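For reference, the structure is listed below as structure tokens.
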Amino acid sequence: MIKRINRTTFFINLIVALIFIEGCTHNYEPVISDIIAVPNPVESGEIVNLECKASDDDESSMMKQEALSYSWSSAYGDVISNNQDQYAIWEAPLESGMYSITCTVSDEFNGMDILTIDIIVQ
């Protein structure tokens, strides 16, 4: 009888501990601090080097080792990025004007941030 109570108590404590640990994990959203575009302004038809600076402040949780993935988009021209990383290039259109490029950063737990930069084509 004593062994059965100890086993039951053990399993109850285990379940409570697992619920507590699960409740302590919190996914912080990634934050984009800046998008750097060089050069900006740019001549028509030239290449712009892009860098999206982002961080994910999960240091206080169990999710601090999660990877970030980057996605680039533009309504005009192609944004080329290898390996879904923070670097990309964009070829400016031949027509002058202001063009927007967007970087979306997401983490492994569906956290996300989006930032857009305007580039002037001369």
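No lab work stands behind these numbers, since they all come straight from the coordinates. The shown structure was predicted, so the numbers you read here are calculated from the model rather than taken from an experiment. Note that each Cβ is placed from the backbone with ideal geometry, even for glycine, and that neighbours are counted across all protein chains shown.
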**Complete:** For Thr102, the net charge from surrounding residues (Cβ-Cβ under 13 Å; K, R +1; D, E -1) works out to -2
**Stretchable slack from Ile114 to Ser55, in nm (0.36 nm times residue separation minus alpha-carbon distance)** = 20.0 nm
**Prompt:** Where does the stretch 28-121 land on Rg/Rh, using Cα atoms and the Kirkwood Rh?
**Reply:** 1.05
**Prompt:** Pulled fully out, how much extra length does the chain show between Val31 and Tyr76, if you take 0.36 nm times their separation in residues and subtract their Cα-Cα distance?
**Reply:** 13.7 nm
**Prompt:** Between Thr116, Ser74, Gly45, whose Cα lies farthest towards the positive end of the dipole of the stretch 28-121 when Lys and Arg beta carbons carry +1 and Asp and Glu beta carbons carry -1, centred on the Cα centre?
**Reply:** Gly45
